[in-house]
Amino acid sequence: MPEQERHNRAALGGPRLLLRRLREAMAEPVSAQARLDKIVVHIASNMVAEVCSLYVLRSDGRLELFATEGLNREAVHLTTMRSGEGLVGLIAETAEPLALSDAQAHPAFSYKPETGEEIYLSFLGVPVLRGGNTLGVLVVQNRARRTYSEEEIEAMQTTAMLLAEMVASGELQSMVRPGEQIAVRRPLALEGTAIAEGIGLGHVVLHEPRVVIKQIIAEDLVREERRLNESLAAVRENIERLIELGDDAGAGEHRDVLETIRMFANDRGWLRRLTEAVRTGLTAEAAVERVQNDARAKLQRSTDPYMRERLHDLDDLANRLLHQLTGQSFIAEHDDLPDNAIVVARSMGPAALLEYDRKKLRGLILEDGGASSHVAIIARALGVPAVGDVTNITNLVEAGDAIIVDGSSGDVQLRPQPDVEAAYAEKARLRARRQEQYRSLVDTPCVTKDGVKIDLHMNAGLLIDLPHVAEAGAVSIGLFRTELQFMIAPTFPRMNAQYQLYKSVMDALPDRAVTFRTLDIGGDKVLPYMAKAEEENPALGWRAIRIGLDRPGLLRSQLRALLRAGAGRELRIMFPMVAQVSEFEEAKKIVHRELQHQKLHGYELPTDLKLGIMVEVPSVLWQLDEFMQRVDFLSVGSNDLMQYLFAADRDNKRVASRFDPLSPGMLRALRSIARKANDAAKPLTLCGEIGGRPLEAMTLVALGYRGLSMSASSIGPVKAMALGLDTGDAARFVNDLLDSSNGCETLRPQLHDYAERNGILL
């Protein structure tokens, strides 16, 4: 029998036997080093290899030889290499297997004299992966030239998966030198997008708990393959049902996402890899984990944005399959929430966050979700520090890990060092003292140094927001987002449910006005029970007032609820996404018809009804004179106005931060709105994100804005800024700057210097 065939048969004869031996070795009551030494001997024997070595990635990015059979034992814990250095470093960097019949001829070969490996020609190395992240490299070598088969590579990858669990458990930490750490438990400083201010220190709670695979090695391969096929069929059936029911039925994914997941669920290559993994001796669950590990490692390193985006679809499918196999819940048990929970999720709907106990919730971290996402709005309402867009966070953390979230800077500290934790604890205490100082200003009128009164309003959307109005000293609710009630409800809220909410809001604030914005849905705001219109560009599509006017029954139902809730009081209603005068006129007619309906049925009417518009579509800027003759008030929605002004989707990470709101173009647009409103003596507020930032708020006041609406936590800092501002001087400076900007991209540096020179608190 040829030697190559003998090697293949011997290696293939016992992958399941090898896994059992490894499991037995892992259970023995011996030291971690003794356990690893036995493991590499078993692997070398099973693979008919003269060398087997395990390299583990350290926190400093170097790969350290932790155990070997065949190389010089004295090289263990002495031989190290950088990621990318040599064949082992290349495998760690690419996260892909490497099989060579003449290793020394490979351009990446790096000779380590202390190991004595120069006599070995054949080389097979595989990455040790977990969650797509490289934890180490497993290598076998032979003196003779030989070609390692696909089956042998598969067997090595399966073995590496078992070693990954051992590395991830932290058991090997005891083997490193003092001052060193293995990479899997290393502290990580991660960056994301700040979406809700504050600092939270606590421990990780995974919103969708990772499936814990308790048995990796299969006892009955036929049964495991049958379980895999049955679970796959159930997952496919569930996806088909979701698609048939309509876009977001129950799960919240869009139809195109479900279609992509369906495509992957029927992909023959993916199914073949799963089946092959089971046949190497893994349980169905472990096979799914292994195949997804390989896919995640490759896609994470892809430079193609489309391929990287598909990673989430594959993750979703693997997650569904694992939960189907194990019967585990998708959502964390809220009863088991620790006292200092930092919830970590790939993505989350607004209703899901409300289900957590606010008293125990210290922060939120999202893999997907920016400052304008709906869960971010809820986080700000709850006062929960939050960071979004943190790449791969769900695969970097383990439940219970110490973690810090900084919702002001967008930084996340995972498994922080004691000095880092102490620094953030001090930062949190400093912030608490600053908040206490802001609270001392609650009863201080917001009047500038030169006697100009600035009205600071609060944005809201839920009953949980209301206590913050008085606590923050807000003049009123300048924007009540009525769509949030629709977004967190499992079914469409009936007119009576809407009436009860609006009445509760007004009853809770008898001495303050509330400006209700009519339903602003569509685009990125998809209701879980409403079919989403297929549109090429949803942000420019069927949304907000357009839906209300095309579906007048929907708008009439909401207006009827608002009019009844406002009986005997002042009622302020504004319409979003108005692009032309005729849309406001049509909406106004519907309001007056509903008023007649109220009279006819003997209902008490509001004592004072004010109707206004959101200024957020650029076309309105050239119709301001006409609007001033018809509206009672205006409110600038700076978030949407900016995205439409610059044609930059605020939910698109590639362009969302490309343009600065303090750019000349944006500020001139805002100035023209303020001048028109002031000339017409029409009340004007701004209720976008920029109104709650002290530097931007200073600029807005200088442009003529006397009403700003913001989150409760922003009112204190903005008031402190306003108290030290000379409005007249700031207006002269800002207007001169705008008139002579000479094509610069932003005026932020000049505005910041002005604030510093004049001692204005930012």
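Observations
- Any hit, region 649-657, residues being assigned by TED's automatic domain parsing to the domain that holds Ser741, surrounded by 15 or more Cβ atoms within 10 Å (Cβ to Cβ), within 23 Å of Asn735 (Cβ to Cβ) and not small (Gly, Ala, Ser): no
- Test: residue in region 475-482 that is in a helix (DSSP H, G or I) and either at pLDDT below 90 or within 28 Å of the chain's Cα centre (by Cα) (or both): no
- Restricting Asn133, Asn46 to those that are at pLDDT below 90, crowded, with 22+ Cβ neighbours inside 10 Å, among the polar types (S, T, N, Q) and not assigned by TED's automatic domain parsing to the domain that holds Thr280 reduces the list to Asn46.
- If you check Leu364, Leu382, Leu353 for being touching a helix residue (DSSP H, G or I) at 6+ places or on another chain (Cβ under 7 Å) and modelled with pLDDT of 90 or more, only one passes: Leu364.
- Residue within region 573-585 that is at pLDDT 95 or above, outside any helix (DSSP H, G or I) and surrounded by fewer than 15 Cβ atoms within 10 Å (Cβ to Cβ) present: yes
- Applying a threshold of 7 Å to beta carbon distances and a minimum spacing of six or more residues, or different chains, the list of pairs starting in region 658-670 at a residue that is in the same structural domain as Val701 (by TED's automatic domain parsing) and ending at one that is surrounded by fewer than 19 Cβ atoms within 10 Å (Cβ to Cβ) and among the acidic types (Asp, Glu) reads Asp660/Glu745; Ser663/Glu745.
- Within region 657-700, restricting attention to residues that are among the basic types (Lys, Arg) and in a loop (DSSP other than H, G, I, E, B), the residue that is modelled with the highest pLDDT is Lys682.
- The criterion of being surrounded by fewer than 21 Cβ atoms within 10 Å (Cβ to Cβ), among the β-branched types (Val, Ile, Thr) and farther than 29 Å from Pro350 by Cβ does not hold for Thr491.
- Residue within region 622-640 that is of a type in the set (D, E, K, R) and under 15 Å from Ile690 (Cβ atoms) present: yes
- The residue that is modelled with the lowest pLDDT, counting only those in region 397-414 that are more than 20 Å from Ser711 (Cβ to Cβ) and buried (at least 21 other Cβ atoms within 10 Å of the Cβ), is Val397.
- Counted residues, region 635-648 - those being closer than 20 Å to Ile521 by Cα and buried (at least 18 other Cβ atoms within 10 Å of the Cβ): 9
- Criterion (surrounded by 19 or more Cβ atoms within 10 Å (Cβ to Cβ) and basic (Lys, Arg)) met by exactly one of Arg757, Arg693: Arg693
- So Ile760, is it closer than 25 Å to Val514 by Cα, of a type in the set (Val, Ile, Thr) and in contact (Cβ under 8 Å) with a residue 24 or more places away in the chain: no
- Meets criteria (among the charged types (D, E, K, R), in a helix (DSSP H, G or I) and surrounded by fewer than 19 Cβ atoms within 10 Å (Cβ to Cβ)) for Lys610: no
- Residues considered: Glu152, Glu197. Of these, the only one that is buried (at least 21 other Cβ atoms within 10 Å of the Cβ), within 25 Å of Val420 (Cβ to Cβ) and among the charged types (D, E, K, R) is Glu197.
- The conditions of being within 26 Å of the chain's Cα centre (by Cα), surrounded by 13 or more Cβ atoms within 10 Å (Cβ to Cβ), under 22 Å from Gly691 (Cα atoms) and not aromatic (Phe, Trp, Tyr) are not met by Leu670.
The values are calculated or read from the model by the stated rules, or taken from the named source; none is laboratory data. On a predicted model such as this, the values are computed, not experimentally measured, just so you know. Neighbour counts are summed over all protein chains in view; Cβ atoms, including those assigned to glycine, are modelled from backbone coordinates with ideal geometry.
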